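Taking it in order: structure first as structure tokens, then the write-up.
The values are calculated or read from the model by the stated rules, or taken from the named source; none is laboratory data. These figures come from a predicted structure and were not determined experimentally. Here the Cβ positions follow ideal geometry from the backbone for every residue, glycine too, while neighbour counts run over all protein chains shown. Surface accessibility is based on the protein's heavy atoms, side chains included, excluding ligands, DNA and RNA. Shrake-Rupley method; radii C 1.70, N 1.55, O 1.52, S 1.80 Å.
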Amino acid sequence: MTTTEIPTVPCVLDDPSLPDLASYVAVHRALRRGSRALADAARRGGDRRQARATAWWARRFLEELHLHHTLEDDHFFPALLARAPEVAALLERTDADHAEMDRIVAGVEAGLATWAQGGAAGAAALELGRLADLLDAHLALEDDHLLGRFQQAFGREEYAELEQVAIRSLGVGPQAAFTVPFVVSMADDPATALAEAPAPFRGLHRLCAGRYRRRTRAALGADLGAARR
């Protein structure tokens, strides 16, 4: 069976009897919007100072993307496959997308290095645009065909336990100082998203949000707001 023959399964976020995938959906939204904002920043170009600011944000964003895929490949997708073998063809597609993203990321890093050394930003903009396009398609596939299947295959508490095991596997490292304000800032309503977050999340946000905003403003400028529209 091809991926186009597998029925869409919607993910439901307002049913307390189903697994809560709000965090998964929030990360997908942030990755989509962050990738577009980065591509737009590179298209605008700028001097070496701008290049360094954008390169810093890109490194943090790409690490976020890598960690998200690691959690999927090591925890979420194997657990889903064990309970829903029919998703095998979909997971082959996601594996191929992850591998293609790795190739594009190598081009992004090379383009950003050229820009930071005084060259043109064109190569970085091209590769970041390719990454944003692939992410749009890739995350749409997951949103439409995989997230709802977690809600079919797992009970609410079972999924919550899977999510916690996956998160604990990462530990609390320096990337969290980017992750927390990044996901909040890319929400449709950042204030509500923060108010509904767990207390440790809110505490980390208080510590990190100011520096994140300053560095994001320097890297992305007005495109941070544009990314949320």
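Among the residues of region 80-96, write down those that are surrounded by 16 or more Cβ atoms within 10 Å (Cβ to Cβ) and among the small types (G, A, S).
A84
Any residue in region 81-95 that is closer than 12 Å to I6 by Cβ sitting within a Cβ distance under 6 Å of a residue that is open to solvent by less than 90 Å² (accessible area, probe 1.4 Å) and of a type in the set (S, T, Y)? List the pairs, counting only those 6 or more apart or interchain.
Final answer for the pair search is A89/T3; L90/T3; R93/T3.
In region 50-79, what count of residues is obtained for those that are under 11 Å from W115 (Cβ atoms) and open to solvent by 40 Å² or more (accessible area, probe 1.4 Å)?
Going through region 50-79 one residue at a time, the tally reaches 2.
Taking the residues in region 110-132 that are without any contact (Cβ under 8 Å) to a residue 60 or more places away in the chain and under 23 Å from H28 (Cβ atoms) as candidates, determine which candidate is surrounded by the fewest Cβ atoms within 10 Å (Cβ to Cβ).
The extreme case among them is R130.
Condition first: open to solvent by 10 Å² or more (accessible area, probe 1.4 Å) and in contact with a helix residue (DSSP H, G or I) (Cβ under 6 Å, 6 or more places away or on another chain). Now tell me which residues in region 150-168 satisfy that.
The answer is A153, L162.
Consider A99 against the criteria (1) touching a helix residue (DSSP H, G or I) at 6+ places or on another chain (Cβ under 9 Å); (2) open to solvent by less than 60 Å² (accessible area, probe 1.4 Å): it satisfies all of them except one. Which criterion is unmet?
(1) is the only condition that A99 fails.
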